[in-house]
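Visitor: First, the structure itself, so that you have it in front of you.
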Amino acid sequence: MNKLTLHIGNKNYSSWSMRPWLALRKSELPFAENLIQLDVPGFKDRLLALTDAGTVPVLQIGDDFLPDSLAISDWLSQAVPNLWPKDKKDHASAKALCKQMQDDFAEFRNHAPMNLRRRTRTKMPKSCTKAATKLDDILADHLSQHDGPFLFGDWSIADAFATPYATRFVSYDIPRSTKTDTYISELMSDEDYLDWEADALIEVWKLPDTDMVYGGRG
Ligand SMILES: N[C@@H](CCC(=O)N[C@@H](CS)C(=O)NCC(=O)O)C(=O)O
């Protein structure tokens, strides 16, 4: 196979980058990573030099460059087995859920940006907790339908997509059901997640605007 390099953003903040990175780890394919610091002078040109999307993550496969967290994850699922649920209905449902986690819950994402260093108990706006509760219900519903510990039983790409949300629930102390809370603990004790988090916690780059959301100090 061609050499794989995953181009990613800051590990503390880049929720989109975390998802295919986790899927790559689970795939056990060897890969290099190239971290591009976001929101610093010239960063957009660096992203546009990779693909027209002008975003990270980007998977470089030899001389080809593939943007988008879901497209990258799907590409990986064709390179190795078992990254999507085996059951056909679950496979389709997991893909739909990933798409929903990419597109929806904007009020949750915007008010509670991923910030792995962050812990605050500030009350979040109603629109944020409402969107978080909707996601909580959806996650709990999937968890109830399977033997667990993950959304579709065994770990799948859907769990990679849920992981940044799990960290937001914890960072901003957002209320959630017991079922989802147990699932969040599972995701955040995953050894690959912990490797990513360890790198994030020692990153020196800070995004003050993000760190200050809801009165924080990062
Ligand atoms: N739909 C894309 C979104 C990627 C995305 O928005 N990435 C952010 C980093 S977390 C980014 O590159 N932002 C830079 C910019 O938009 O200028 C995906 O799923 O990969």
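The values are calculated or read from the model by the stated rules, or taken from the named source; none is laboratory data. For clarity, every value in this text was computed on a predicted model and none was experimentally measured. Backbone-built Cβ (ideal geometry, glycine too); neighbour counts: all protein chains shown.
Visitor: Name the residues in the stretch 48-65 that are touching a residue at least 12 places away in the same chain (Cβ under 8 Å) and within 12 Å of the ligand (Cβ to nearest atom), would you?
Guide: Matches in the stretch 48-65: 50, 51, 53, 55, 56, 57, 58, 59.
Visitor: Go through (1) part of a helix (DSSP H, G or I); (2) touching a residue at least 40 places away in the same chain (Cβ under 8 Å); (3) away from the ligand (no atom under 16 Å from the Cβ) one by one and return the number of the condition residue 77 breaks.
Guide: The number of the failed condition is (3).
A quick yes/no check of all residues on (1) touching a His at 6+ places or on another chain (Cβ under 8 Å); (2) touching a residue at least 12 places away in the same chain (Cβ under 8 Å):
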| position | (1), (2) |
| --- | --- |
| 4 | no, yes |
| 9 | no, yes |
| 18 | no, yes |
| 30 | no, yes |
| 46 | no, no |
| 85 | yes, yes |
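Visitor: While we're on this one: Quick check on this structure: which one of 214, 193 is of a type in the set (Phe, Trp, Tyr) and either surrounded by fewer than 21 Cβ atoms within 10 Å (Cβ to Cβ) or over 22 Å from residue 23 (Cα atoms) (or both)?
Guide: After ruling out the rest, the residue left standing is 214.
Visitor: Tell me the residue from 109, 119 that is within 16 Å of the ligand (Cβ to nearest atom), assigned by TED's automatic domain parsing to the domain that holds residue 169 and under 24 Å from residue 196 (Cα atoms), please.
Guide: Being within 16 Å of the ligand (Cβ to nearest atom), assigned by TED's automatic domain parsing to the domain that holds residue 169 and under 24 Å from residue 196 (Cα atoms) holds for just one of 109, 119, which is 109.
Visitor: Now for a separate question. Select from the stretch 32-43 the residues that are touching a Ser or Thr at 6+ places or on another chain (Cβ under 9 Å) and without any contact (Cβ under 8 Å) to a residue 12 or more places away in the chain and list them in ascending order.
Guide: Residues satisfying the conditions do not exist here.
Visitor: For the stretch 1-42, how many residues are in a strand (DSSP E or B), more than 11 Å from the ligand (Cβ to nearest atom) and under 15 Å from residue 196 (Cα atoms)?
Guide: Final tally of qualifying residues: 5.
Visitor: OK, next. Which one of these does residue 119 not meet: (1) surrounded by fewer than 16 Cβ atoms within 10 Å (Cβ to Cβ); (2) part of a helix (DSSP H, G or I)?
Guide: Looking at each condition in turn, residue 119 falls short on (2).
Visitor: Oh, and also: Applying the selection to the stretch 26-82, what residues are surrounded by fewer than 15 Cβ atoms within 10 Å (Cβ to Cβ) and β-branched (Val, Ile, Thr)?
Guide: 40, 80
Visitor: Residues 99, 89: which one is touching a residue at least 12 places away in the same chain (Cβ under 8 Å), surrounded by fewer than 14 Cβ atoms within 10 Å (Cβ to Cβ) and part of a helix (DSSP H, G or I)?
Guide: Sole residue among the options that is touching a residue at least 12 places away in the same chain (Cβ under 8 Å), surrounded by fewer than 14 Cβ atoms within 10 Å (Cβ to Cβ) and part of a helix (DSSP H, G or I): 99.
Visitor: Would you please list the contacts, defined by Cβ atoms under 6 Å and residues six or more apart or on different chains, that run from a residue in the stretch 145-162 that is assigned by TED's automatic domain parsing to the domain that holds residue 20 to a residue that is polar (S, T, N, Q)?
Guide: Taking only residues 6 or more apart or on different chains, not a single pair turns up.
Visitor: Can we say residue 103 is among the acidic types (Asp, Glu), under 26 Å from residue 10 (Cβ atoms) and within 11 Å of the ligand (Cβ to nearest atom)?
Guide: yes
Visitor: Which residue, of 144, 185, is small (Gly, Ala, Ser) and within 16 Å of the chain's Cα centre (by Cα)?
Guide: Selected residue: 185, the only one of 144, 185 that is small (Gly, Ala, Ser) and within 16 Å of the chain's Cα centre (by Cα).
Visitor: Are any of the residues in the stretch 169-187 in contact with an Asp or Glu (Cβ under 8 Å, 6 or more places away or on another chain), among the β-branched types (Val, Ile, Thr) and at pLDDT 95 or above?
Guide: Taking every residue of the stretch 169-187 in turn, at least one turns out to be in contact with an Asp or Glu (Cβ under 8 Å, 6 or more places away or on another chain), among the β-branched types (Val, Ile, Thr) and at pLDDT 95 or above.
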